[in-house]
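So the structure is just underneath, and the comments pick up after that.
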Amino acid sequence: IPAPLVAVVNATITAKLTGVDIARVQVPANLLDAVQLPSLASLSSMSWSLVTAGLALAFVASAETLLCATAVDKMHDGPRTKYDKELAAQGVGNMLCGLVGALPMTGVIVRSSANVEAGGKTRNSAFLHGIWLLVFVAALPFVLQQIPVAGLAAILVFTGYKLINIAAIRQLASYGRSEVAIYFATLVTIVVVDLLSGVVLGIVLSLAKLLYTFSHLEVETRQRD
């Protein structure tokens, strides 16, 4: 039995018995009520700023998925990720999400690492993860509505803490101080602001470092010539 499941059950029972007034998971009583199909009015109101925001979100979400897949590959010795297939599947999934008015989807390291730690051996673990969510949201919304959000947040924090690899940070330092600086700048931004801002900052800083490195290499090459 996965320890996070036991923790959620204990937190739910404790909150129920004590009767504390805390935030709980919000789930619609009827899943179909949350479906919002696109209308002609919504399509006609699309602007260039909306398209730009969509492209930026697609870029960041794709980068996050690829980073997540790379990290998960290092956590197990099973089948390796096929990146093209991963991005294609995410694209199809996000088109379906947009069709029903759902939030965009992307790979998440916390959820993936939880699957690995729970004994998942194949990609079916991720597929079944979605199936179980659908079953609980559709058939047992009254159960999910009793779960305190603080309990889920604690599990996320603990799982994220276990993902910290001090040895990897030391190895990163061997490539230069700039790599460590980018790492901590991304980490701090994710914690202080949000995940999206942290990923964007990390990508921008990495691109800036590459441009700086390539420009100096070109200058040194010309000087030798």
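The values are calculated or read from the model by the stated rules, or taken from the named source; none is laboratory data. As the structure is a prediction and not an experimental result, all values here were calculated from the model. Note: ideal-geometry Cβ built from the backbone for every residue, glycine included; neighbour counts use all protein chains shown. Only protein heavy atoms, including side chains, enter the accessible area calculation; ligands, DNA and RNA are left aside. Shrake-Rupley method; radii C 1.70, N 1.55, O 1.52, S 1.80 Å.
For the chain, what is the accessible area per residue in Å², given a 1.4 Å probe and the full set of protein chains?
72 Å²
Long-range amide H contacts for Gly107: which residues qualify at under 5 Å (H placed 1.01 Å from N, peptide plane, sequence gap of 5 or more or a different chain)?
Thr65
Tally up the carbon and sulfur contribution to the accessible surface of the chain as a whole percent, 1.4 Å probe, everything protein left in place. Provide the component values of the computation, followed by the final result.
On the way: 11400 of 16200 Å².
That share works out to 70 percent.
Multiply the residue separation of Leu163 and Asp73 by 0.36 nm, subtract the distance between their alpha-carbon atoms, and state the gained length in nm to one decimal.
Net length gain for the segment: 31.0 nm.
Taking a point 7 angstrom from the Cα of Gln171 along the C-beta vector, which residues in region 179-204 have backbone N less than 20 Å away?
Label zone hits: 179-187.
Full-extension gain between Val51 and Phe136, please, as 0.36 nm times their residue separation minus the C-alpha to C-alpha distance.
27.2 nm
Which label marks the calculated value of volume of the Cα convex hull per residue in Å³, given the options [x] 192; [y] 366; [z] 150?
Label of the calculated value: [x].
Taking R0 as 22 Å, what's the FRET efficiency between Leu17 and Leu144 from their Cβ-Cβ distance, rounded to 0.05? The partial results should precede the final answer.
Details: r = 18 Å, r/R0 = 0.83.
With R0 = 22 Å, the Cβ-Cβ based efficiency is 0.75.
Apply the Karplus parameterisation 6.51 cos²θ - 1.76 cosθ + 1.60, with θ equal to phi minus 60°, to every residue of region 66-73 and state each ³J(HN,Hα) to the nearest whole Hz, in sequence, with x for glycine and proline.
Once θ is set to phi - 60°, the couplings for region 66-73 become 5, 5, 4, 4, 5, 5, 5, 4 Hz.
Using alpha carbons only, how many angstrom separate the centre of region 23-38 from the centre of region 151-219?
So the separation of the two Cα centres works out to 35 Å.
Determine ³J(HN,Hα), in whole Hz, for all residues of region 111-121 in sequence, where each value follows from phi through the Karplus function 6.51 cos²θ - 1.76 cosθ + 1.60 and θ = phi - 60°; x replaces Gly and Pro.
These are the phi-based 3J(HN,Hα) values: 5, 5, 5, 5, 4, 5, 5, 7, x, x, 10 Hz.
If amide H atoms are built 1.01 Å from N in the plane of the peptide, which residues on other chains or at least 5 residues away come under 5 Å of the amide H of Arg24?
Result for Arg24 returns Val149.
Given a Förster distance of 35 Å, report the FRET efficiency between Ala7 and Asp84 from their Cβ-Cβ distance, rounded to the nearest 0.05.
FRET efficiency, Ala7 to Asp84: 0.40.
By the gyration tensor of its Cα atoms, with a ≥ b ≥ c the square roots of the eigenvalues, what is the shape of region 1-69: rounded for a/c under 1.5, prolate for a/b over b/c, or oblate?
Oblate is the answer for region 1-69, as a/c is 1.5 or above yet b/c matches or exceeds a/b.
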